[in-house]
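Notes follow once the structure below has been shown.
Just so you know, all these numbers are worked out from the coordinates, no wet-lab data involved. Please read all numbers here as calculations on a predicted model, not as lab measurements. When we count neighbours, we look across all protein chains shown, and the Cβ atoms used for this are built from the backbone with ideal geometry, even at glycine.
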Amino acid sequence: DAKTTQPNSMESNEEEPVHLPCNHSTISGTDYIHWYRQLPSQGPEYVIHGLTSNVNNRMASLAIAEDRKSSTLILHRATLRDAAVYYCILRDVGSSNTGKLIFGQGTTLQVKP
Amino acid sequence: EPEVTQTPSHQVTQMGQEVILRCVPISNHLYFYWYRQILGQKVEFLVSFYNNEISEKSEIFDDQFSVERPDGSNFTLKIRSTKLEDSAMYFCASSGVARTDTQYFGPGTRLTVL
């Protein structure tokens, strides 16, 4: 499974945008970039995913570099509820993949009021 | 909105005892997973299950672990003889018609082995 690298922690002020980076220099052509987050004392929660183009949904935006070796999760206006560990995960859609998610340490986001 | 549920929320057991952790996945989902998270550590994959059989298991998932979908709605994880190091949060997840579909996680069961 391709590896991702994320900063251990980041801080943001409430109602300001947050850009969470992820490096995945060994990404393959069949890897989708997924983001999950884990709020305190909860199970992981899907945030967004993409392959090549930038993606938007109600939770966040995902900006993918042209060479796909990095991506950035964008929270447009951080709220206190967004304080969580954010995981950048590569998912291979090749036939050998059973669907498992491989979690790294993620980025712990602190949101200050 | 449909959700994955897990019971119990907290299970305390003595070392060597058997435990069964229960999960009710989202009703039309076909792929099922168990993960665990030891306190302060990352979420680790245990096993994936599809079409009534294990499709992949990790090194953690040894002979002491088993999974079952006994009645078409529940998905269980059994640990035959618990060890202290089995203490962790156990998360169940399910996904839809494709193995690469979004996984939806339950709230977890905290297992404490004394």
*Return yes when B:Thr112 is away from chain A (no Cβ under 14 Å), over 12 Å from the mean Cα position of the chain (by Cα) and surrounded by 21 or more Cβ atoms within 10 Å (Cβ to Cβ) and no when it is not.*
no
_Every residue in region A:87-111 that is in contact (Cβ under 8 Å) with a residue 24 or more places away in the chain, out of contact with any helix residue (DSSP H, G or I) (no Cβ under 7 Å at 6 or more places or on another chain) and more than 9 Å from chain B (Cβ to nearest Cβ), please._
A:Cys88, A:Ile89, A:Leu90, A:Gly94, A:Thr107, A:Thr108, A:Gln110
_Being in a loop (DSSP other than H, G, I, E, B), facing chain A (nearest Cβ under 9 Å) and among the aliphatic types (A, V, I, L, M) is the filter here; which residues of region B:37-52 pass it?_
B:Val43
*Residues within region B:53-76 that are within 14 Å of chain A (Cβ to nearest Cβ) and either surrounded by 13 or more Cβ atoms within 10 Å (Cβ to Cβ) or closer than 23 Å to A:Tyr36 by Cβ (or both), tallied*: 9
*Hits in region B:70-87 (condition: part of a loop (DSSP other than H, G, I, E, B), touching a residue at least 40 places away in the same chain (Cβ under 8 Å) and of a type outside the set (Val, Ile, Thr))*: B:Ser73, B:Asn74, B:Arg80, B:Ser81, B:Lys83, B:Ser87
*Got a number for residues in region A:41-59 being within 14 Å of chain B (Cβ to nearest Cβ), of a type outside the set (Asp, Glu) and in contact with a strand residue (DSSP E or B) (Cβ under 7 Å, 6 or more places away or on another chain)?*
11
*Of all the residues that make up region A:47-70, how many are within 21 Å of A:Leu101 (Cβ to Cβ) and not in a strand (DSSP E or B)?*
7
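Let's see how each residue does on (1) more than 10 Å from the chain's Cα centre (by Cα); (2) among the β-branched types (Val, Ile, Thr); (3) in a strand (DSSP E or B):
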{"site": "B:Glu3", "(1), (2), (3)": "yes, no, no"}
{"site": "B:Gln11", "(1), (2), (3)": "yes, no, yes"}
{"site": "B:Ile54", "(1), (2), (3)": "yes, yes, yes"}
{"site": "B:Ser66", "(1), (2), (3)": "no, no, yes"}
{"site": "B:Val97", "(1), (2), (3)": "yes, yes, no"}
{"site": "B:Thr100", "(1), (2), (3)": "yes, yes, no"}
*If you take the residues in region A:73-112 that are in a strand (DSSP E or B) and aromatic (Phe, Trp, Tyr), which one is surrounded by the fewest Cβ atoms within 10 Å (Cβ to Cβ)?*
A:Tyr86
